[in-house]
Every structure is written in C-alpha cells, then in structure tokens.
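Contents: one structure, followed by commentary.
The values are calculated or read from the model by the stated rules, or taken from the named source; none is laboratory data. Everything quoted here is computed from the prediction, not taken from an experiment. So basically every Cβ, Gly included, is an ideal-geometry build from the backbone, and we count neighbours across all protein chains shown. Keep in mind that these areas ignore ligands, DNA and RNA; they rest on the heavy atoms of the full protein, side chains included. Shrake-Rupley method; radii C 1.70, N 1.55, O 1.52, S 1.80 Å.
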Amino acid sequence: VCGKCGEALSRTQPAVRAMDKLFHSNCFCCMSCHRPLQGMQFYDRDGSPQSPGSEETVRVVALDKNFHLKCYRCEDCARPLSIEADENGCYPLDGKILCMKCHTKRAKQAAQ
C-alpha cells in the first residue's frame, strides 16, 4: 500500500521506499511544489544530515509530509522554516507546519 495515497502498489510499477514506507513514484513528491523527490538525498525531520547534497537535492520530512528545502515554509505566512530545532524551526499544530509566530497565534485563537 502506498504511504501517501493508500492505494495498492503493483509489482510491475516502480515504487520508492522511504521513511519505512513504500510509495508510488509519482506520490513521492514535495508537499509544497509537488515536484518528485525520488532518488534525492534529504534531511529528516530532526535535521540529521543524510549525505547532504546541493539545496535542490535536500528534502525535509515534517508531519509525514515531504518538502524540498526551499519549499519548507510556514503554511500560514509562507515564512521559510529552519531545519534546526530553534526559534526559526517548525512548530506544528493541528497537522499544520507553522512558524513560532503563527503557532502562537493559532494556539491563542483556539484557547478563546
């Protein structure tokens, strides 16, 4: 079963194995720009390098979503996010990839 779409994988179709899952090759793509990530090197969600290449060949995984490094942005304000665990990093809330400012804003709205 594909880790993104949930449909069965055919033995005759190419598949991508990543993050302990299998994906249809066209399902394994950046969640922002939807360009394929098959065969590209990447950083995992914790920022641990996995043989880093150029910026174009780096991928970030957050909340089981894949992003090119340059596409890794806050879903509310589009601010670029850092792969480091710092104030510029990802502050997820309710399944959304957010910067610290937008996370705080949404959390305050939810508390009201």
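Just one of the numbered conditions (1) at pLDDT 75 or above; (2) open to solvent by less than 30 Å² (accessible area, probe 1.4 Å) is not true of residue 107: (2). Here segment 14-31 is the region considered, the condition is being part of a loop (DSSP other than H, G, I, E, B) and open to solvent by less than 90 Å² (accessible area, probe 1.4 Å), and the residue that is nearest to residue 75 (Cα to Cα) is 31. Do we have any residue at all in segment 71-80 that's open to solvent by less than 50 Å² (accessible area, probe 1.4 Å), modelled with pLDDT under 90 and out of contact with any strand residue (DSSP E or B) (no Cβ under 6 Å at 6 or more places or on another chain)? Yes, because at least one residue in segment 71-80 is open to solvent by less than 50 Å² (accessible area, probe 1.4 Å), modelled with pLDDT under 90 and out of contact with any strand residue (DSSP E or B) (no Cβ under 6 Å at 6 or more places or on another chain).
Number of residues in segment 49-63 that are open to solvent by 50 Å² or more (accessible area, probe 1.4 Å) and modelled with pLDDT under 80: the value is 7.
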